[in-house]
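Coordinate-derived values only; no laboratory data. Quantities reported herein were computed from a predicted structural model and do not represent experimental measurements. Note that we place each Cβ from the backbone using ideal geometry, even for glycine, and neighbour counts take in every protein chain shown.
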Amino acid sequence: MNEEIAFWILSAIAVLGALVAVRKRNLIHGVFALLVFFAGLSGLFLLLLAEFIAAVQVLVYIGAVGVLLLFAIMLTERVAGDDGRRMTSRGSFWGLVVAVAVFVVLLLPAIQELPPPEAAQAIDPSVKQLGHKLMNPYVVTLEVLALLLTAALIGAVTAAQGVRMPKEEDSQE
Amino acid sequence: MSILGGGIFKGMAVTLRNFVGSYINKKERLPTNDYSWRPDGDLPQGIGDYPKEEGEQLSDTTTVTEYSRNFPMLLHDGGEPMDTVRCVACQICERECPPQCIYIEKDYDENGKYIKRPAVFDIDVSVCMSCQICVEVCPFDAIVMNSQFELSTPDRFGGLLVRRDDLLKSNDYYHQIHPEEAAARDQKMAVEKAAKEAKKKAAAEKARAAAEQKAAEAAKAETKEGAE
Amino acid sequence: MNFELLIDILIATVPLMLIFATLFAFTTWLERKALARIQNRIGPNKVGIPCTRISLFGLGQPAADGIKMLFKEDIVPRGADRLFHLLAPILALIPSMLVLCFLPLDFPWLNENSVKAFLLDGAVIFFFAITGLNTLAVFMAGWASRNKYSLLGGMRAVAQMVSYEIPLVLSAVIVVMMVGSLNAAEIAKAQTGWDWFVFSPWGFAAFVIFFIAALAETNRSPFDLPEAESEIIAGYFTEYSGFKFALFFLGEYIAMFAISGLAVTLFLGGGDGPGLAVLPWLSVIWFLAKIFALIAVMIWLRGTLPRLRVDQLMGFAWKFMLPLSILNILVAGFAWHAEQLDNTFITVITWVISLAILYGAASGLNQLNRGKVRPREYKYAE
C-alpha cells in the first residue's frame, strides 16, 4: 500500500518535471525541471530496490550531466533566459500522434497480463552481484565502455582546445 | 629535499604556538592587547566590563591603549584653550590631507593682521581615514591622534563635522591617553626649543661681537681722523 | 498512514538535526575564537547569557548572530529570478542535512526499525551522490543573483567542487575495496579494535587525499576562492541577506560535519575507541569527538594557509590528486591480495614497498608540477 502511494507520487514528480522541462521557455528553468525528473526516476529505481542504480542515477545524471547542461547553457551566449520569442510548431498534430503511439506501445506490457518471467526472482539486486557480473561475464563490455569514455574525454579536450574561446577564469592579472 | 608537505606542517606548528601562547604568554602573543603600561598591569577591567552602569559617563580612556588612534585632535598647553593653542593655522595639514577632510581659516585681529591661531578648524571625521599624515607634517606638534571612538551621532548631515572647540584637547589629556608618545613629543619640543634658544643666543653673541667690532672700527676711524 | 513508521522516522531524524544544529552553533563560536587566538587577538568575548552581564567567553555569540540574521531585511535584486533565489539556500541545506542520516551513529534510543531506512547497502555511494547536489545549489545561487561576479564565483565554485569530487570518491573506493561492502555500518565495524584504515600506508594516503578533497568540496580555506571576501566579496552568495545567508552558512557547516563524519567512518574507525565493552553508547561520543578533531584541524588549516589561486586549485586536483589516488587504488589492490596470503613477512614487505611507492609518487608528481620560474611577461605594460 505504501509502495503504491510512493509510486504514484514519484511518477507524478517525474512526469511533471519532464513536462515542465519541455514546455518552459526559460532554458535554465527547463534544465532544473529536468533534474527534478531525474530525481523522480531515481526514486522509482529505489522503489524497485535497486539502491546502487538509484545512487548512480543521482550521482551521474543530476550531479554530472545536469551540471554539464547548465555549464553548456551558461557558456553559450544569449541562450540562457527567456528571450520572449514564440516558436511555431507546424507538425504538432503528427508529433502528438507519434507520441501517443509510442506511449501505447510502451504501456502494452502493463496492460496485457503476461505471466511474470521466472528469472526475475533469481536476480539479487545487491551491489556485490552487480560487481561480480561486471567482472565476469561482462568485463569486455566494461572495458569497451571505459575506452569509449576515454576517447570521448580526449576528443572533448581536443575539441575545446581547438576553438579559441576566451577563458573565463583569467585570474592572473 | 624536505618532507612532502613540510612547509604546511611548519606553518601549522607556528599557528599552534600562537594559539597556545595566547593563553600562556599573553604579553608576547597578544601584542595589540598589551596593557602592560597601565598601573594594574594585566588584562584589565576594560574587557567584559563595558558598558558601565547606567548613567555613568563612558570614558574612552579606560579602554584605550598606547598605540590606538582614531581621529585627530588639536593640542593646547593648559589653561584657556585658545590662549595656549599650538596651531598657527599654517594650513600645511589641510594641504597634505589625502581625502581633504580638514578646513582651516586663519584668524585676523581688528586691524586685519594675521594672528597665529585658527578661527575655523573643521575635520570631517566621516571622511578622515586616520592616516596620520597631518600629524607627521605639522611643524608645530599641534595636531596629534586622539583615541576617542564614541563619536556616533543621530545627525547624519552635520553631526560628524568636528569643530575647532571640540578638537581642542589639553596636553595633559594627551599624556593620559598616549603617555609614551606624549613624553617623546614633549622631549622633542624641549630639544628643539633648547636648540632654538642656543641659536638665538649664538646669534645674539655674534651680533654683539659684530656690533663691538663695528664700534671698535668706528672708534679707530675717529681717532685716525682726529690724528690727521 | 502508518503511525509507527512515522514515529520511527522522527526518532531517527529529529535528534540528529537537533544535535548537529547545536554543534553547528558551537563550531561557529569555536572557529571565531580559535582563528582569533591564532591571529594574535581575542575572539568574541562579550556576549554571554542574554539580558545579563555574564559573558561566558562569548558563548552567546552564535545566538546573537542567529537573531540578527533573522531580523535582517530580505533583499532580492531586481531582475533576479525570485523562485531560484528562494530555492538556492534551501537546496544548499537539504543535501547536507540528508547525508547526516547515513552516518553510522548508533544512538541508544534507536531500535532496529528506525534505522532500517538508513542502513542502506549502498550508503557510501548515496553519500557521494547527495553531496553532489551541493554543486547544483551553488550554481543556482550564482545564477539567481543576476550579478556577473556572483555568476563567476558560482561557476568557479562548481568547477572546483566537480574537480575535487573525483579524488574524493576514488580515495573512498580504496576503503570499500578493502572491506568489500558499501555499507557504512559494516565499514565502521570492520575497523574495531584500533584496526583503523588510517594506520596503513595506502589508507593514510587515501585519508590525506580525502581530507584535502573534503576541504575543497565544502569551499573551506585554502580552497575558498569562490567565497573569498577579498576576491569576490562573497562569491555566489553575495546577494543573499538575512536568513538566506544564514541557511547557506548552516549548509556549509553541516556539509563540513557530514564529510568529516564520512572521513571518520571510512578511515578513523567511526565510533571505535576505548571503553566500548562497558558502555556501548560511548561510540557516539567517540564518533563526535573524532568529527570535532577533524573540524579543529580544518579550522587550524584555515588559520595557517593562504588561499589557492584558481589555476593552482584546478592543477592540484587534476595533476596531483587524481594520479595519486589512482596509483593508491593500484597499490591497495596489490596489498589486499598480499594480505590474503596471511604471511607477516610478506605483509611487512608490502607495507614498506607501498609506502615507498606512494611517497615516491607524491614527490615525483610534486616535482613534475613545480612551475618553472620564468621572468614575468607583461601583456599590456610594454
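Kindly put B:Lys106, C:Lys244, B:Lys113 in sequence by how many other C-beta atoms sit within 10 Å of each C-beta, fewest to most. Please list the in-between numbers first.
On the way: B:Lys106 15, C:Lys244 23, B:Lys113 7.
Ordered by Cβ neighbours within 10 Å, fewest first: B:Lys113, B:Lys106, C:Lys244.
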*Sequence-distant or interchain residues sharing an amide H contact under 5 Å with C:Asp224, placed H: which?*
C:Leu308
*Quick one: Karplus J couplings for the stretch B:185-198, per residue in order, coefficients 6.51, -1.76, 1.60, θ = phi - 60°, nearest Hz, x for Gly and Pro?*
5, 4, 5, 4, 5, 5, 4, 5, 5, 5, 5, 5, 4, 4
*Of the peptides B:12-20, B:188-196, C:298-306, C:153-161, how do they stack up when ordered by the mean number of other Cβ atoms within 10 Å, highest first?*
C:153-161, C:298-306, B:12-20, B:188-196
*Taking every residue in A:55-63, how many Cβ atoms of other protein chains lie within 10 Å of its Cβ, on average?*
6
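Magnitude of the Cβ-charge dipole of the protein assembly as shown, K/R +1 and D/E -1, about the Cα centre, nearest 20 debye? All intermediate terms of the calculation are to be shown ahead of the outcome.
Working: 68 positive and 79 negative charges, 332 e Å.
Magnitude of the dipole: close to 1600 debye.
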*Derived scalar couplings ³J(HN,Hα) [the stretch C:237-250; Karplus, 6.51 cos²θ - 1.76 cosθ + 1.60; whole Hz; x for Gly, Pro]*: 10, 5, 8, 9, 10, x, 5, 5, 5, 4, 5, 4, 4, 4
*Given a Förster radius of 60 Å and the C-beta distance between A:Ala159 and A:Ala6 as r, what FRET efficiency does 1/(1 + (r/R0)^6) yield to the nearest 0.05?*
0.90
*Would you list A:Tyr61, A:Tyr138 from fewest to most Cβ contacts within 10 Å?*
A:Tyr138, A:Tyr61
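State whether the stretch C:1-120 is rounded, prolate or oblate according to the following rule on the C-alpha gyration tensor (a ≥ b ≥ c being the square roots of its eigenvalues): a/c under 1.5 gives rounded; otherwise a/b larger than b/c gives prolate, and the remaining case gives oblate.
Values: a/c = 2.29, a/b = 1.38, b/c = 1.66.
Oblate is the answer for the stretch C:1-120, as a/c is 1.5 or above yet b/c matches or exceeds a/b.
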*asked:* If I take R0 = 41 Å and measure r between the Cβ atoms of B:Ile3 and A:Val140 in this structure, what FRET efficiency does the formula 1/(1 + (r/R0)^6) give, to the nearest 0.05?
replied: 0.40
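Mind running the shape call on the stretch C:318-382? Use the C-alpha gyration tensor, a ≥ b ≥ c as the square roots of the eigenvalues: rounded below 1.5 for a/c, prolate if a/b tops b/c, oblate otherwise.
prolate
For chain C, what is the mean residue ellipticity at 222 nm derived from helices alone (per DSSP H run of n ≥ 4: -39500 (n - 2.57); sum divided by total residues; nearest 500 deg cm²/dmol)? Let's see the in-between values first.
Details: 15 runs with 247 residues, N = 382.
Counting only the DSSP helices, I get -21500 deg cm²/dmol.
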*Convert 20 °C to kelvin, take the viscosity as 1.002 mPa s, use the Kirkwood radius over C-alpha pairs of the stretch C:115-224 as Rh, and evaluate the Stokes-Einstein diffusion coefficient in µm²/s, rounded to a whole number.*
139 µm²/s
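Translational D (Stokes-Einstein, µm²/s) of chain C at 20 °C and 1.002 mPa s when Rh comes from the Kirkwood sum over C-alpha pairs?
On the way: Rh = 22.6 Å.
For the chosen part, D equals 95 µm²/s.
Quote the Stokes-Einstein diffusion coefficient, in whole µm² s⁻¹, for the protein assembly as shown, based on the Kirkwood radius over alpha carbon pairs, a temperature of 4 °C and a viscosity of 1.567 mPa s.
On the way: Rh = 32.7 Å.
Estimated diffusion coefficient is 40 µm²/s.
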*asked:* Whole-Hz ³J(HN,Hα) for each residue in the stretch A:22-28, computed from phi via Karplus 6.51 cos²θ - 1.76 cosθ + 1.60 with θ = phi - 60°, x for glycine and proline: what do you get?
replied: 8, 9, 6, 6, 6, 4, 5
_Farthest toward positive dipole pole in the protein assembly as shown [+1 Lys/Arg, -1 Asp/Glu at C-beta], among A:Ala101, C:Gly180, B:Leu161_ = A:Ala101
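When Cβ neighbours within 10 Å are restricted to other protein chains, what is their mean count per residue of peptide A:64-71? Don't skip to the end; give the middle numbers.
On the way: counts 4, 0, 5, 9, 1, 0, 8, 5.
Mean partner shielding for this stretch: 4.
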*Quantify how much of the Cα-Cα distance distribution of the stretch A:1-81 extends past 19 Å, in percent.*
41 percent
*Ranking B:Thr65, B:Thr84 by Cβ neighbours within 10 Å, fewest first, what do you get?*
B:Thr84, B:Thr65
*In whole angstrom, note down how far apart the Cα centers of the stretch B:64-101 and the stretch A:48-68 are.*
69 Å
*Mean 1/r over all different Cα pairs, inverted: what Kirkwood radius does the stretch B:68-176 give, in Å?*
14.2 Å
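Provide the FRET efficiency to the nearest 0.05 for the B:Gln176-B:Gln100 pair, computing r from the beta carbons and using R0 = 35 Å.
Numbers: r = 31 Å, r/R0 = 0.87.
It comes out at approximately 0.70.
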